[in-house]
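Asks: Below is the structure I would like to discuss, written out as structure tokens.
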Amino acid sequence: MTSHLKKDLFRRIPKVDELLKEPSYRRLSRAYSRVHLVRAIREVLDGLREKINTLDPPNILAEWFTAEAIREEVETALKRQAAFHFRRVINATGVVIHTNLGRSLLAQEAIDHIIRVSKSYSNLEYDLDEGRRGIRYSHVQRLLCDLTGAEDALVVNNNAGAVLIALNSLAAGREVVVSRGEMVEIGGSFRIPDVMSWSGAILREIGTTNKTHLSDYERAIGEQTGLLLKVHTSNFRIVGFVEQVPGREIADLAHRSGLPAMEDLGSGNLIDFKTLNLPPEPTVQEALKQGMDVVTFSGDKLLGGPQAGIILGKKKFIGAIQRNPLNRALRIDKLTLAGLEATLKLYEDPRQAISRLPTLRMIAQSPDTLRRRAALLRRRLVRAGIQGFDFTVQSSSSQVGGGALPGIDMPTTCVAVTPRLMSETRLEKRLREASPPVIGRLEEGRVLLDLRTLLDEDFRDIVRIFTEIANEA
Ligand SMILES: *Cc1c(COP(=O)(O)O)cnc(C)c1O
């Protein structure tokens, strides 16, 4: 009986050619290309077949098979195809530097500069004083040196690339000494031991997971040693009976032994976090002051700029890295360079950096501001008369992300949404499917919308999306 019913349903599915001849589809074919229209029709019809195959008859509804329902589905599929795949989402997770959601938002100054230099020709590699070929990095070199006190600077595609090219230039075929407690995996398969082997350097692991002493470094240094490396343990923290050797002591030992010392800072902030009432994070300037010969960090983590790998340090070593043929393979593109220059320029006045760079602004938001904004968003949701949800203001905590301040919870305020007519997982999914998608945090029967990462301009969309969801139910 079941198979008989299913056969009957299969017979109700129209043929692609027949649909294309119908007047309503001819209208669609004027608005969309034939390739897209045929693809959308196939997708919808395949979906119906799939439903017949996988669902039990009582769950298969006759109204899915009406000409009107099919046409509506086709139109939805066409709209989905026409939309960009890569698009804006609303980050309600509270994680400021969220690698999956694009890390740092750019300051308006950076966006403007990117538009300016990409709409016209530029002096990307042209020396306007001399009237001949110039150097791509020159646009940020001076700025980086002035801001950090470094002798020289170079920028590449990302920090993983920066570590790779630095190790390859300074220690290929030789040993690089690293503490076992700093053998970090960043995610997305960036692991210090793996990058080391790709660079051609030989890993010389020392110490134990929780403790490494200066004497461990001393004992490891020999004929084969090429470099001493310190790595910021970005995304984890070992607590308890622990000891790592300070950068200054590693640098001093390296220099006594005629070796360079390098530090992978990961996030690499230029601003002292104490001024933001946050636990201290090592700054780039401090690492250089401690005597590190080469320091690397990301452009799109705490710096708040575009994806880039920034390499600072002594002229001799930066020069060697710049001459490495890998530099061409890892080179930074012009849009990034424009965004980076404008981002760095904001740091000429640190107060301006905090007020203009979204990443720093979000991190520096005061508890009062977060509470006030949460109350405002809640009020707008309640005033919209949205049924089926309870909206409350709730204290919570969030993380900076991006390998900064690991294990440190920052107090924050959320709007907690308790759905009355659906499960919280269903609501989470429905928010993810909204336009724009809203990515929140799930917590015991609620979806939390964290004000730390919500922009004021997201509020309108959130109210509209909840109104739409309430009307569907
Ligand atoms: C994030 C991070 C990296 C990788 O930087 P990308 O810019 O993502 O390539 C490398 N090292 C450390 C310590 C990091 O935190």
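The values are calculated or read from the model by the stated rules, or taken from the named source; none is laboratory data. The model shown is predicted, which means the values in this text are computed figures rather than measured ones. Quick reminder, even Gly has a Cβ in these numbers, built from the backbone with ideal geometry, and neighbours come from all protein chains shown.
Asks: Without any contact (Cβ under 8 Å) to a residue 12 or more places away in the chain and over 28 Å from the mean Cα position of the chain (by Cα): does that describe Ser215? Give the steps one after another, and end with the answer.
Replies: Working: without any contact (Cβ under 8 Å) to a residue 12 or more places away in the chain: yes; over 28 Å from the mean Cα position of the chain (by Cα): yes.
The answer is yes for Ser215.
Asks: Consider Leu106 against the criteria (1) part of a helix (DSSP H, G or I); (2) among the hydrophobic types (A, V, I, L, M, F, W, C); (3) closer than 30 Å to Leu448 by Cβ: it satisfies all of them except one. Which criterion is unmet?
Replies: In the conditions (1) part of a helix (DSSP H, G or I); (2) among the hydrophobic types (A, V, I, L, M, F, W, C); (3) closer than 30 Å to Leu448 by Cβ, Leu106 misses (1) alone.
Asks: Filter the stretch 386-407 down to residues that are more than 16 Å from the ligand (Cβ to nearest atom) and either crowded, with 23+ Cβ neighbours inside 10 Å or within 17 Å of Asp368 (Cα to Cα) (or both) and give me whichever is modelled with the lowest pLDDT. Show your work before the answer.
Replies: We begin by selecting, within the stretch 386-407, every residue more than 16 Å from the ligand (Cβ to nearest atom); these are 386-398.
Narrowing further to those that are either crowded, with 23+ Cβ neighbours inside 10 Å or within 17 Å of Asp368 (Cα to Cα) (or both): 392-398.
Numbers: Thr392: 98, Val393: 98, Gln394: 97, Ser395: 96, Ser396: 95, Ser397: 91, Ser398: 85.
Step by step, filter the stretch 386-407, then rank; the result is Ser398.
Asks: Determine which single condition Leu312 fails, assuming it passes every other condition in (1) of a type in the set (A, V, I, L, M, F, W, C); (2) more than 20 Å from the chain's Cα centre (by Cα); (3) within 11 Å of the ligand (Cβ to nearest atom).
Replies: That leaves (3) as the condition not met.
Asks: Tell me whether the stretch 212-234 contains one or more residues that are modelled with pLDDT of 95 or more, assigned by TED's automatic domain parsing to the domain that holds Gly161, surrounded by fewer than 20 Cβ atoms within 10 Å (Cβ to Cβ) and hydroxyl-bearing (Ser, Thr, Tyr).
Replies: Scanning the stretch 212-234, I find at least one residue that is modelled with pLDDT of 95 or more, assigned by TED's automatic domain parsing to the domain that holds Gly161, surrounded by fewer than 20 Cβ atoms within 10 Å (Cβ to Cβ) and hydroxyl-bearing (Ser, Thr, Tyr), so the answer is yes.
Asks: Does Gln322 satisfy the condition of being within 24 Å of the chain's Cα centre (by Cα) and within 30 Å of Asp264 (Cβ to Cβ)?
Replies: no
Asks: Filter the stretch 115-141 for residues that are out of contact with any Asp or Glu (no Cβ under 9 Å at 6 or more places or on another chain), surrounded by fewer than 13 Cβ atoms within 10 Å (Cβ to Cβ), on the phi < 0 side of the Ramachandran plot and without any contact (Cβ under 8 Å) to a residue 24 or more places away in the chain and give the result.
Replies: Correct list: Ile115, Lys119, Ser120, Tyr121, Asn123, Asp127, Leu128, Asp129, Glu130, Arg132.
Asks: Hey, Arg180 hits all of (1) within 16 Å of the ligand (Cβ to nearest atom); (2) crowded, with 16+ Cβ neighbours inside 10 Å but one; which does it fall short on?
Replies: Of everything listed in (1) within 16 Å of the ligand (Cβ to nearest atom); (2) crowded, with 16+ Cβ neighbours inside 10 Å, Arg180 misses just condition (2).
Asks: Report yes if Ala416 is of a type in the set (Gly, Ala, Ser), touching a strand residue (DSSP E or B) at 6+ places or on another chain (Cβ under 9 Å) and outside any strand (DSSP E or B), otherwise no.
Replies: Here the answer is no, as Ala416 does not meet what is asked.
Asks: Can you pull out every residue in the stretch 147-183 that is farther than 19 Å from Ala320 by Cα and touching a residue at least 60 places away in the same chain (Cβ under 8 Å)? Explain how you work it out, then say what you get.
Replies: Restricting attention to the stretch 147-183, the residues satisfying the condition of being farther than 19 Å from Ala320 by Cα are 147-149, 177-183.
Correct list: Leu147, Thr148, Gly149, Ser179, Gly181, Glu182.
Asks: Given the structure, is Leu9 surrounded by 15 or more Cβ atoms within 10 Å (Cβ to Cβ), in the same structural domain as Glu73 (by TED's automatic domain parsing) and at pLDDT below 90? Before you say what the answer is, go through the steps one by one.
Replies: Working: surrounded by 15 or more Cβ atoms within 10 Å (Cβ to Cβ): yes; in the same structural domain as Glu73 (by TED's automatic domain parsing): yes; at pLDDT below 90: yes.
In short, yes.
Asks: Looking only at strands (runs of 3 or more DSSP E) that lie completely in the stretch 134-204, which have at least 2 residues being hydrophobic (A, V, I, L, M, F, W, C) and either at pLDDT 95 or above or in the same structural domain as Leu270 (by TED's automatic domain parsing) (or both)? Before the answer, list the steps.
Replies: Details: elements: 152-156, 175-179, 185-187.
Per the criteria, 152-156, 175-179.
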